[in-house]
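Reviewing the structure listed below.
The values are calculated or read from the model by the stated rules, or taken from the named source; none is laboratory data. Bear in mind the structure is a predicted one, so any value in this text is a computation, not a measurement. Cβ atoms come from the backbone with ideal geometry, glycine included; neighbour counts cover every protein chain shown.
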Amino acid sequence: QVQLVESGGGLVQPGGSLRLSCAASGSIFSINSMGWYRQAPGKQRELVATMSIGGTTNYADSVKGRFTISRDNAKNTVDLQMNSLKSEDTAVYYCRISYDIYIYWGQGTQVTVSS
């Protein structure tokens, strides 16, 4: 059984920074893709950033230059460093991994950007 545990969400002022972390556990080897998605109230879940096992990254246009994704393949972890946060970044952030033919999601962590 695969489990994803997220941490690092919270309340931050506009312009501030947060770092999200996600750890995958279970009988998994060579995760294909690891990434982060988010869902704001009343909106669909959207891609924030992903990274392939080879290190190829993909970012939403709205976060390019502000967010940085990183992963540790040996530890099965993926982090999201979020800088210059804006109110429109407020959402529940979900960790997502692609392993074999399966997709796994974390439980979500709330990020609120407000003064």
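Points worth noting:
- Selection of region 41-90 for residues being charged (D, E, K, R) and within 15 Å of CYS22 (Cα to Cα) yields ARG71, ASP72, LYS75, ASP79.
- Whichever residue in region 8-28 is of a type in the set (Ser, Thr, Tyr) and modelled with pLDDT of 95 or more and, among such residues, is nearest to ASN83 (Cα to Cα): SER17
- Within region 74-97, the set of residues being small (Gly, Ala, Ser) and either at pLDDT below 95 or within 12 Å of the chain's Cα centre (by Cα) (or both) comprises ALA74, ALA91.
- Those residues of region 1-29 which are of a type in the set (Gly, Ala, Ser) and free of Cβ contacts under 8 Å to residues at least 60 places away in the same chain, in sequence order: SER21, ALA23, SER25, GLY26, SER27
- The single condition among (1) aliphatic (A, V, I, L, M); (2) over 24 Å from VAL2 (Cα atoms); (3) modelled with pLDDT under 95 that ILE31 does not meet is (2).
- Identity of the residue in region 99-115, closer than 12 Å to LEU4 by Cα and of a type in the set (Ser, Thr, Tyr), that ends up farthest from the chain's Cα centre (by Cα): TYR104
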